[in-house]
Amino acid sequence: MYLKKFPLFIFLFISLNFAAEAQNGFPVPMGNQKQLFYLQRTPNTNTIVYELNYKNGEIDRENPIHEFWIRYQENGQRQELSYIQRKFAYGIKTTKLADNRYELRFVSYKKYKMYLEPGPDKKLSVYTIINNKKVMLTSIFLKIKEGGSFWSPNIEYVEVSGIEPASRLVIREKLKI
């Protein structure tokens, strides 16, 4: 019975990933077991991945999230965020709420709350609210218009995507900031 369902699972997994890629024409980072979610933005396909950060085989309680680039524009190489990118743009500020539960906020947009916590499967995931539903965050896409700067980009919209744990449906929402 398990083997009969396996091809269907693979088909659905591949379909969801191709749907995500087709949505904005960007590659979807895959194969990282520690990956929580990723962020993409115009004007290029370089992607920031947010993953669980381990220290001595356990989640680093002081810094549970590690963020880095996948430089698709440069042969897909992995590169750490610069100090300025981490402290002023794409970094995550964490506040410990309880054992294995953290509130997360972007350093550049503190209004948007996310939570790192165990899900129904006991695996740590990032949760947020999308379309009034608590979902596991999978991706964020920023549409940036010309005319802004690094310190003050002209953001047209932000699209957040996640998976509702109970139904396993993909939920998306476009936000104007």
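The values are calculated or read from the model by the stated rules, or taken from the named source; none is laboratory data. Being a predicted model, the structure only gives us computed values, none of them experimental. All Cβ positions, even for glycine, are placed from backbone atoms using ideal geometry, and neighbour counts span all protein chains on display.
Number of residues in the stretch 104-142 that are acidic (Asp, Glu) and modelled with pLDDT under 95 equals 1.
In the stretch 14-31, is there at least one residue being outside any loop (DSSP other than H, G, I, E, B), modelled with pLDDT of 90 or more and of a type in the set (A, V, I, L, M, F, W, C)? Within the stretch 14-31 (the criterion being outside any loop (DSSP other than H, G, I, E, B), modelled with pLDDT of 90 or more and of a type in the set (A, V, I, L, M, F, W, C)), the answer is no, since none of the residues qualifies.
Selection of the stretch 134-177 for residues being part of a strand (DSSP E or B) and of a type in the set (Ser, Thr, Tyr) yields Thr138, Ser139, Tyr157, Ser161. Taking the criterion of being part of a strand (DSSP E or B) and in contact (Cβ under 8 Å) with a residue 40 or more places away in the chain, would at least one residue in the stretch 99-111 satisfy it? Yes, some residue in the stretch 99-111 is part of a strand (DSSP E or B) and in contact (Cβ under 8 Å) with a residue 40 or more places away in the chain. So which residues in the stretch 79-95 are free of Cβ contacts under 8 Å to residues at least 40 places away in the same chain and not β-branched (Val, Ile, Thr), if there are any at all? Those that are free of Cβ contacts under 8 Å to residues at least 40 places away in the same chain and not β-branched (Val, Ile, Thr): Gln79, Glu80, Leu81, Ser82, Tyr83, Gln85, Arg86, Lys87, Gly91, Lys93.
Residue count for the stretch 143-159, restricted to those that are touching a Phe, Trp or Tyr at 6+ places or on another chain (Cβ under 8 Å) and modelled with pLDDT of 90 or more: 3. The residue list Glu117, Glu164, Glu156 contains one member that is within 14 Å of Leu36 (Cβ to Cβ) and free of Cβ contacts under 8 Å to residues at least 40 places away in the same chain, which is Glu117.
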